[in-house]
Structure formats: C-alpha cells, structure tokens
Amino acid sequence: MKRVDEFTKIKGHHDIIDMLERAVQEGRVSHAYLFTGPGGIGKMKTAKALASVLLQSGDPEAGLFLQSGTHPDWLIIEKEENRSRIGIELITRTMEPWLALKPFRGDYRVVLLHDAHLLSEAAGNALLKVLEEPPPYAVIILIADQLSLSETIQSRCQLLRFAPLAEHLVVECLKDLGVDEKTAQRAAALGQGSVGQALQFASEEGLAGLWDKARQLVAELEQDAPVHALLAAEKMEEHSELLCAMMETVLRDVLLYRLTEKQDSLQQPDNIKLARALSKTDPARIMEQLNAIARLKRLYRLNVSPLLINIQVAYAVREALK
C-alpha cells in the first residue's frame, strides 16, 4: 500500500499510520479518536496529517486553506492560557455550535481537542454528549498525554496508544530541525522518546555545564541528610525540568553500570566516574525511584509549583542512593 504523502512526514508509529491509512482508503474512519501517550512524540503531527487527508479527500484546494490556517472545516480547541483546565464553555459554546454546521467545502468537519486530559469534569460530561450523537460528517480527535479520561469517554473513541520514539528517530527529527548531530544525540538521550522535550533541551545554552551540575547534585544527595534534598531543589529551580531529566539519566547510568560493569552501556559516558563511586547501590531501590521520578516529571507540564516537584525529585534521588 502506497503511503499517503501527509503520513510520510511522520517518523515511527508505523502500525498506527497503517491503520489510519486503511481506514481512510476503505471509508471506515471513526467519528472519534483518542490519541494518547507522552508529550512530544508525534500525536499532534499525526492528528494534523489525518485531518489534512480527510479534508483534501473531496476538495483538491483544501491544502491551500490548511496552509494559511483558514480552512472552515478544521478547528483546534486548546486550554485557555490563564486556565489550568479546559472549561465547559469550550465544549458547549465552541465545539457544539461549530459541529452543528455542515461542511463548507468537503465531506468532513474535523475538530482536534488538544490536552484532553485537562478537561474539567463538567467539560468531560458535555463532551460525552457530543460523542454519543455526533453528526455523520464529524471527526473528533482527542489528544491526551495521560489516559485519565473517563472510561465512558474512552469507550466512545477509537483508542490509539503512541509509544516514545526510538532514540535514533529523535536524533533524525532534531537534525531535520537544524540541530547539530552531537547536540541532537545528547538531547535525544534526555528526551526519552519525545522530540518536543529533546528539542527543548537542545535549545538550552550551556548543556555541558548543566550535566556537571546534575552530577554534582546526585553526588550531594548521596549524603544521608534531609537538608541536601531541600538545597538540591533550590539549585534546580532555574532549569527544573532539564536537571530532573539529567539526574534521572545519571541514576539510570548508575543502575546500568551496577548491573553490567561496562562503561559502554552508559547513556552518557561522562557519568562513569560517578557510576563507579556509587556502584554498591541497590538496583531494586534505584529502579523503584526511577519509576517515581518518571511520574513526577509529568507534573512539570501541569499547574504545579516546580519547587515542590523538585523537592520530591530530590528526595527520590536521595532514596535511590541510600
């Protein structure tokens, strides 16, 4: 099956792309999709590609309107900047009236609801009513970094789970965006499958110096005194999310060296000195705290104080090295 041009631009997620292409070609497009998985791995890009394919299927000129952002049958709904949740008014006053209108140009009206995991309870209930009786021409795409939507909403959608990208694909994406190869490789290792996060890290100045700072923080947290966790949290404030990812990588390298005793198994070779110094740590304890840090990292993208998250991350690192 020849790949549709819009889908060829997406790296990875081959099973999902194949399924969407078959659905389009066989006329089996669902009225609602739920794209879920970590941020920055291609959910939005895939949603836009699907919308482009649908809107151009009966309208050769649709691409021009999409490029200019003026297509009348394409709507993106996002959380308002000053709000922590997606409110009910975005569903009842924006989505519902817009979907009530028939397509202006082709066969579909496509609406994308970004960060659907931030729906308020009232907004979720309003959305459910739309999903229960959608217009025949409607395609609703929900994008959620976390699968926290109600089971009833999930049951009304076709669920597609996006996995983190392989590191070499993240490197390729960064290089396509103009990042030099060495920086791309370092940032990809930190991004853990997320192009968006890796690009953010690649844009940071003084990346090498921040690695030194992350290793120093881990070394200080190995000392068994609670005050070190509070001090570390304060030192993380200027680059909270990046230093958290770096400290997580340092811990992972400590674990890898503890299990293999091979320097070439490390994600960041410069971590070897610290990995050797901490080679007596308990692998099970490190693994447990790495899982805790992975959960805490998601909070940086929500309306939560970075300092509070930093404190919890610092305590997790300290606990891993006891």
If we keep only residues of the range 278-309 that are charged (D, E, K, R) and under 14 Å from the mean Cα position of the chain (by Cα), then the residue farthest from GLU222 (Cα to Cα) is ARG301
Inset, instruction - State yes or no: is GLU237 touching a helix residue (DSSP H, G or I) at 6+ places or on another chain (Cβ under 9 Å) and farther than 19 Å from LEU278 by Cβ? - result: yes
Residues of the range 302-322 being hydrophobic (A, V, I, L, M, F, W, C) and over 30 Å from GLU80 (Cβ atoms), in sequence order, are ALA314, ALA316, VAL317, ALA320, LEU321
Turns out the helices (runs of 4 or more DSSP H) fully within the range 9-127 with at least 2 residues that are among the hydroxyl-bearing types (Ser, Thr, Tyr) and either in contact (Cβ under 8 Å) with a residue 12 or more places away in the chain or crowded, with 18+ Cβ neighbours inside 10 Å (or both) are 43-56
- Confirm whether GLU237 is surrounded by fewer than 15 Cβ atoms within 10 Å (Cβ to Cβ) and within 23 Å of the chain's Cα centre (by Cα). yes
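Among residues belonging to the range 195-209 that are assigned to a loop (DSSP other than H, G, I, E, B) and surrounded by 10 or more Cβ atoms within 10 Å (Cβ to Cβ), point out the one that is modelled with the highest pLDDT.
Going residue by residue through the range 195-209, those that are assigned to a loop (DSSP other than H, G, I, E, B) are 203-206.
Checking which are surrounded by 10 or more Cβ atoms within 10 Å (Cβ to Cβ) leaves us with 203-204, 206.
On the way: SER203: 81, GLU204: 77, GLY206: 76.
The qualifying residue modelled with the highest pLDDT is SER203.
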Among the residues of the range 203-217, the number that are closer than 12 Å to ALA245 by Cβ and of a type in the set (Gly, Ala, Ser) is 1
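Could you grab me the full set of residues in the range 128-158 that are among the aliphatic types (A, V, I, L, M) and surrounded by fewer than 16 Cβ atoms within 10 Å (Cβ to Cβ)?
LEU147
The values are calculated or read from the model by the stated rules, or taken from the named source; none is laboratory data. Being a predicted model, the structure only gives us computed values, none of them experimental. Methodologically, a virtual Cβ is constructed for each residue, glycine included, from the backbone with ideal geometry; neighbour enumeration extends over all protein chains shown.
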